[in-house]
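Q: Would you mind keeping the following structure in view while I ask a few things?
No lab work stands behind these numbers, since they all come straight from the coordinates. Every value quoted in this text rests on a predicted model; they were computed, and no experiment measured them. Quick reminder, even Gly has a Cβ in these numbers, built from the backbone with ideal geometry, and neighbours come from all protein chains shown.
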Amino acid sequence: MDLKDISYAQSTALVTGGSSGIGRAIATELIARGVRQIVIVAQDAEKLEHAAFEMRQSSDSVDVRTLSIDLSKHDSPAEVQRQIESWGWQVDILVNDAGIARKQKFAMNKENDISLLTVDLMVRAVIDLSLRFLPPMVERGYGGILNVCSTACYNPVPFTAMYAASKAFMLSWSQAVREENHDTGVRVACIVPGVTQTNLDGDGHGERRGLLDAVGIDQPEDVAKAAVDALEDNAAQSIVGANNKLLQMAQGLLPDAVKARLISKARGAPEESDNVSAKHS
Ligand SMILES: NC(=O)c1ccc[n+]([C@@H]2O[C@H](COP(=O)([O-])OP(=O)(O)OC[C@H]3O[C@@H](n4cnc5c(N)ncnc54)[C@H](OP(=O)(O)O)[C@@H]3O)[C@@H](O)[C@H]2O)c1
């Protein structure tokens, strides 16, 4: 089945992590392209409402709803589905964006280690939401999943090991499911941003690459345009920007163990205080 053009005005979008950074910019870009029903999901209700308020200002015809929920909790995806269905909405565009990153040495402070939180949010919730919303898209022969990956997916990244591993997982899974659906009319696209100016690390910086930040830091709005283009193109993996593409080509020539050593040196080990940020409850 050929892919139909995305009919934004007839599509309902669900954007996880839609309250800030790249997710918020993607939600705004979807509205700019004509989406009239959109739900943004994140934990902080105030940030969500603020983002939704600005999105409503940007269009006369959009209905923006918010769901304040911790997607790392195992029953949250079911609750998200229940809420959306209670409004009589069906999801045509699912954007898997929500994420966290903290610099930590794996297992050095078990109580505050965010490895399992990372898996629950950036692997489990992505799969659970996709399990819920992909089959109805396939039934309708229309819709798309946009997975927000990262150039970290190509490398072992010491001190954010689970973050990079979750993105490697996402890239592999996304491409396989895209192929499985090539004749269903449903898109499964993957956008691969480099470092982007957001609050991902909790202090106003995107992914930290140390010296490699010299490769360039993108703005969320530019990443969002590339992301929605990637969805339209059903891109298997679309790396944002020539700078990031070149870096990945160069790094791709190196063995993984060498990359891990170089990245470790470029980023440096975490401070003691870095091991006490987010806690898995
Ligand atoms: N910034 C970069 O350099 C960069 C580069 C490549 C890829 N990315 C990817 O881009 C995505 C978005 O990150 P960002 O850079 O835009 O960071 P951000 O501004 O911190 O956005 C993260 C979003 O995820 C939400 N979130 C975090 N934990 C959550 C949870 N447990 N349940 C529900 N929502 C949760 C946050 O809201 P709450 O905190 O209120 O929950 C926020 O809306 C991530 O997947 C990240 O890996 C970022």
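For (1) over 23 Å from residue 228 (Cβ atoms); (2) among the aromatic types (Phe, Trp, Tyr); (3) buried (at least 18 other Cβ atoms within 10 Å of the Cβ), each residue gets a yes or a no:
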| position | (1), (2), (3) |
| --- | --- |
| 1 | no, no, no |
| 7 | no, no, no |
| 14 | no, no, yes |
| 31 | no, no, yes |
| 39 | no, no, yes |
| 50 | no, no, no |
| 58 | no, no, no |
| 69 | yes, no, yes |
| 89 | no, yes, no |
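Q: Output yes when any residue across region 168-178 is buried (at least 19 other Cβ atoms within 10 Å of the Cβ) and more than 14 Å from the ligand (Cβ to nearest atom), and no when none is.
A: Yes - at least one qualifying residue is present in region 168-178.
Q: Does residue 211 count as in a helix (DSSP H, G or I), closer than 27 Å to residue 6 by Cβ, away from the ligand (no atom under 14 Å from the Cβ) and aliphatic (A, V, I, L, M)?
A: no
Q: Would you mind stating whether residue 157 is within 18 Å of residue 15 (Cα to Cα) and either aliphatic (A, V, I, L, M) or within 15 Å of the chain's Cα centre (by Cα) (or both)?
A: In short, no.
Q: Something else now. Are any residues in region 16-64 under 19 Å from the mean Cα position of the chain (by Cα) and of a type in the set (D, E, K, R), and if so, which ones?
A: Listed by number, the residues that qualify are 24, 29, 44, 47.
Q: Would you say residue 157 is crowded, with 24+ Cβ neighbours inside 10 Å and part of a loop (DSSP other than H, G, I, E, B)?
A: yes
Q: So which pairs qualify, if the first residue must be in region 10-26 and assigned to a helix (DSSP H, G or I), the second must be acidic (Asp, Glu), the Cβ gap must be under 8 Å, and the two must be at least 6 apart or on different chains?
A: 10/92; 22/97; 23/97; 25/221; 26/97
Q: Only one of these conditions is not met by residue 127: (1) surrounded by fewer than 23 Cβ atoms within 10 Å (Cβ to Cβ); (2) within 14 Å of the ligand (Cβ to nearest atom). Which number is it?
A: Going through (1) surrounded by fewer than 23 Cβ atoms within 10 Å (Cβ to Cβ); (2) within 14 Å of the ligand (Cβ to nearest atom) one by one, residue 127 breaks only (2).
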